[in-house]
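Asks: Here it is: the structure, laid out below.
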Amino acid sequence: MNLVRLILRFISSIFKTICQAFVVPSRKEYQKLESKRTGTSSSSSGITSHHRSITPPYWVKSLSTEIHADVTSTPLVSTMTLRQFLSHPDGFHLALAPAFYGYYAYFGALLAIHEMDINCTGFYKSSDKISILPVSSKATPHAEQKVLLKSISGSSAGALVATAIAFGSDPRDAVDFISSLTLGSIADPPGFLGIFRGYSVEKLITKFFQGAEFKDTVIPVAVTAFDLLTRSTKIIDRGIIGRAVRASLSFPGLFQPVLYRNLIDASSLLPKTTLLIDGMIQDPHGLLGLSVLKSEARNKRVVNMVLGGFGGPPPGPSRLPNGVNAAEVVSICIKNTPEVSPLKMQNGPKAVRAAKEAVTDILDAPMYHGKEQGHYVLPIDASMFCY
């Protein structure tokens, strides 16, 4: 067991190093970069924070200059807020990026969105039965409510969160489930090309979903996994949820690849034998699944949520995968939540709380302009809520 812990620590450090290469610098780091580049004082960058948890990414200023090169004075901040965007009657589609054990922070962020007051936006009457997420209650079952979230996709940890939300799970119940997971409950060594086989994880996830299939979800959902045999990404939107989620979050070296003998993915109706691992390989933003969900719709409103960093300027409407057909995109990046890993799973509840409070803090903060029209960027720093 000590050897397993040592290997887990090594894998976690490798993943952390990879993530740090894509982390967006903080406001102070940005100011230092600007000072070094321009030779001016760091206080002259002209960037101010609107809420405690909002931190401008280092490339926002240069992007705004590109977009509005013909404008003398360029506002970095739009008039759109996250509450306004999510509350719009046209609804939105959500994509969740890969994140090593990031489902804690994702559920915390979505819990803040689920509890968000939308009556103050002016779109609805207090008597309207509107829900942002497809979570039913005794007072308002699914059949009687209008759900603003139209479809959802995810990769790796984002796949677990996406399927739970699509299934109609209350984020609180999902948090209780993942908080009950321990290293002992998921450990089933040895695996082939991985420390763990992954059967224990699949069993726990399948039990949470009560053996449900994708056809049983309240709203459409798709997840991605990378096929080692064809070296291509598979978009899974049918079959048993638990197995698909296990494949999507099978991080190389940690879990063994998942053998599918009769996979029917979104690209083909013919059963195929595949060997699947973590979907992050070719789906770094978790957006690919949206390309097969409600693909006939046009001018979609998309929210793309990532943890840790965008890895450069996030994709706007014109840079999304074919089939997403978005007119507006909100790119949300949540960073500096408490670190969670196989050896630090006790930090899970702290990550949930930090993400929830950080997102709640910026619901009414004006978002930044992205690189193109219809693109908004919202970087969120949760460090002030880690206690």
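Asks: If you average 1/r over every pair of different alpha-carbon atoms in the stretch 252-387 and take one over that average, what Kirkwood value in Å do you get?
Replies: Kirkwood radius, the stretch 252-387: 17.3 Å.
Asks: Compute the label zone of HIS88 within the stretch 318-339: residues whose backbone N is under 14 Å from the point 7 Å along Cα-to-Cβ.
Replies: Backbone N within reach: 318, 325-331.
Asks: Sticking with this structure for a sec: Could you look at the stretch 297-387 and say what percent of its accessible area is carbon and sulfur, using a 1.4 Å probe and all protein chains?
Replies: The value for the stretch 297-387 is 46 percent carbon and sulfur by accessible area.
Asks: So how exposed is ARG238, as accessible area in Å² (1.4 Å probe, rounded to 10)?
Replies: 90 Å²
Asks: I've got another one for you. With the full set of protein chains in place, find how many percent of the accessible area of the stretch 153-266 is carbon and sulfur; take the probe as 1.4 Å.
Replies: So the carbon and sulfur contribution to the accessible surface is 54 percent.
Asks: Moving on. Which shape class applies to the stretch 168-287: rounded if a/c is under 1.5, otherwise prolate when a/b exceeds b/c and oblate if not, where a ≥ b ≥ c are the square roots of the Cα gyration tensor eigenvalues? Before the final figure, lay out the partial values.
Replies: Numbers: a/c = 1.70, a/b = 1.10, b/c = 1.54.
Verdict is oblate for the stretch 168-287.
Asks: Report the FRET efficiency, 1/(1 + (r/R0)^6), for ASP173 and ARG238, where r is their Cβ-Cβ distance and R0 is 25 Å, rounded to 0.05.
Replies: My answer for the efficiency is 0.55.
Asks: Quick one: Cα centre-to-centre distance for the stretch 156-207 and the stretch 300-324, in angstrom?
Replies: 26 Å
Asks: Which of the aspartates and glutamates could be linked to LYS356 by a straight reach, that is with a Cα gap under 18 Å, when you skip same-chain ones fewer than 8 residues away?
Replies: Leaving aside aspartates and glutamates fewer than 8 places away in the same chain, those within reach of LYS356 are GLU115, ASP117, ASP170, ASP173, ASP176, GLU339, ASP364, ASP381.
Asks: While we're looking at this one, here's another question. What does the accessible area of VAL306 come to, in Å² to the nearest 10, when a probe of 1.4 Å is used?
Replies: 10 Å²
Asks: Would you tell me the accessible area of MET305, worked out with a 1.4 angstrom probe on the heavy atoms of the protein chains, in Å² to the nearest 10?
Replies: 0 Å²
Asks: Now, a different point. Take the alpha carbon gyration tensor of the stretch 183-252, find the square roots of its eigenvalues, order them as a ≥ b ≥ c, and report rounded if a/c is under 1.5; if not, report prolate when a/b exceeds b/c, else oblate.
Replies: Taking the square roots of the gyration eigenvalues as a ≥ b ≥ c, the stretch 183-252 is oblate.
Asks: Run the numbers for ASP128 and GLU115: contour at 0.36 nm per residue of separation, minus the present Cα-Cα distance, in nm.
Replies: Using 0.36 nm per residue and subtracting the Cα-Cα distance, I get 3.1 nm.
Asks: Return the subset of LYS129/LYS300; LYS129/LYS350; LYS146/LYS371; LYS272/LYS300; LYS150/LYS234; LYS215/LYS300 for which the Cα-Cα distance in this structure is over 30 Å, preserving the input order.
Replies: Checking Cα-Cα distances, LYS129/LYS350; LYS146/LYS371; LYS272/LYS300 exceed 30 Å.
Asks: Rounded if a/c is under 1.5, else prolate if a/b beats b/c, else oblate: with a ≥ b ≥ c from the C-alpha gyration tensor eigenvalues square-rooted, which is the stretch 149-212? Before the final figure, lay out the partial values.
Replies: Values: a/c = 2.36, a/b = 1.72, b/c = 1.37.
The shape class here is prolate.
Asks: Taking the highest mean first, how do the peptides 110-120, 288-298, 87-97, 176-186 order by number of other beta carbon atoms within 10 angstrom per residue?
Replies: On the way: 110-120: 17.5, 288-298: 19.3, 87-97: 22.4, 176-186: 15.0.
Most protected by this proxy first, the peptides run 87-97, 288-298, 110-120, 176-186.
Asks: Could you put LEU229, LEU343, LEU263 in order of accessible surface area, largest first, with the 1.4 Å probe and the full protein assembly present?
Replies: LEU229, LEU343, LEU263
The values are calculated or read from the model by the stated rules, or taken from the named source; none is laboratory data. Being a predicted model, the structure only gives us computed values, none of them experimental. Ideal geometry is used to build each Cβ from the backbone, glycine not excepted, and the neighbour counts take in all protein chains shown. In case anyone asks, the SASA skips ligands and DNA or RNA and just uses the protein heavy atoms, side chains included. Shrake-Rupley method; radii C 1.70, N 1.55, O 1.52, S 1.80 Å.
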